[in-house]
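What follows is a set of notes on a single structure, which appears directly below.
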Amino acid sequence: TLIPGGPRQRPENACIACQAKTARHFAAWNMPYRWLGRWLNEDDFSTAAEWVASLAPSTYAEAHWRGLPLGEWVLSSVHTHLRRNVLDFADPHVSDTYASYLNSALLAALALSRVYDREKPDAQIIMNGRMGILRVALELAKERGIRTLCEERAFVLERTMLYDGVTCMDTAYLAGLWKSWRHVPLTPSEIEE
C-alpha cells in the first residue's frame, strides 16, 4: 500500500525483471551473489515510506535519517535521472523522483548496515560511488572502516580507474598529477599521440 505523500510504486514486476537480468550476468561471469533485499524485513518498507512521507519536498536535499544525510547522498542521482541542473521541488515529477530515491536510500542503508555488521568485510568494490545506493554503500563503509574501491570508466579506452574511499567525482588525484607533472613538457611524439 502507498503512504500518502510517499514515493510512487514501481511496476509490480520491476524488481523481478531487474533481478532476472542481473542473475543472467552473474551466471555468465560465474560469480556468486546474494540479493541485498534478504537483509530487509517487511517493517523496513513501511519505515522508509513513512519517513519519506514525513518530509516536505522542499527539504529533500537536506533530509537526514538517524544522522545519515540521505538527501545529500542521492542528490547526484536525482540530477542525473532527471537530466536537470536545477530541481524545482514544486514540480511533482521532481519531488516524486527524489522521494523514490530517498526511499531506496533508506532501504539500502538498513540492509547494508546489517550486511556490514554481520559479515564484517575488510573491503568492497563498487561502481562510481556517487549514485544513490552506491553512495550509501561508500559512506556506511567509511563509517565502519571498510576500504572501498570505486570503479569508473577511464578517460582512456580499455582502461579503468579506481578511486580509493572517494566517489568518482573526486578531483584530488588530478590535482596531485598536475602538481607532479606541471613543469614536465610533453614531447613532440606525445603531443602528436
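The values are calculated or read from the model by the stated rules, or taken from the named source; none is laboratory data. Predicted model only: the values in this text are computed from it and were never measured. Here the Cβ positions follow ideal geometry from the backbone for every residue, glycine too, while neighbour counts run over all protein chains shown. Surface accessibility is based on the protein's heavy atoms, side chains included, excluding ligands, DNA and RNA. Shrake-Rupley method; radii C 1.70, N 1.55, O 1.52, S 1.80 Å.
Within the stretch 60-113, restricting attention to residues that are of a type in the set (D, E) and touching an Asp or Glu at 6+ places or on another chain (Cβ under 9 Å), the residue that is nearest to W35 (Cα to Cα) is E72. Quick check on V156: is it over 26 Å from D44 (Cβ atoms) and among the β-branched types (V, I, T)? Yes, satisfied. Taking residues in the stretch 40-67 that are free of Cβ contacts under 8 Å to residues at least 24 places away in the same chain and over 22 Å from H79 (Cα atoms), and partners anywhere that are open to solvent by less than 60 Å² (accessible area, probe 1.4 Å) and among the basic types (K, R), not one pair has Cβ atoms closer than 8 Å while being at least 6 places apart or on different chains.
Residues of the stretch 110-145 that are surrounded by 18 or more Cβ atoms within 10 Å (Cβ to Cβ) and of a type in the set (G, A, S): A111, G129, G132, A137, A141.
Pairing residues of the stretch 159-182 that are without any contact (Cβ under 8 Å) to a residue 12 or more places away in the chain with residues that are part of a loop (DSSP other than H, G, I, E, B) and surrounded by 10 or more Cβ atoms within 10 Å (Cβ to Cβ), at Cβ distances under 6 Å and at least 6 apart in sequence or on separate chains, gives T160/A154; M161/A154. The test for being in contact with a Lys or Arg (Cβ under 8 Å, 6 or more places away or on another chain), open to solvent by 20 Å² or more (accessible area, probe 1.4 Å), outside any loop (DSSP other than H, G, I, E, B) and on the phi < 0 side of the Ramachandran plot does not hold for S104.
Okay, residues lined up against (1) within 18 Å of A108 (Cβ to Cβ); (2) in contact with a Lys or Arg (Cβ under 9 Å, 6 or more places away or on another chain); (3) small (G, A, S); (4) at pLDDT 85 or above:
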residue	(1), (2), (3), (4)
I16	no, no, no, no
K21	no, no, no, yes
H25	no, no, no, yes
A48	yes, no, yes, yes
V74	yes, yes, no, yes
V78	yes, yes, no, yes
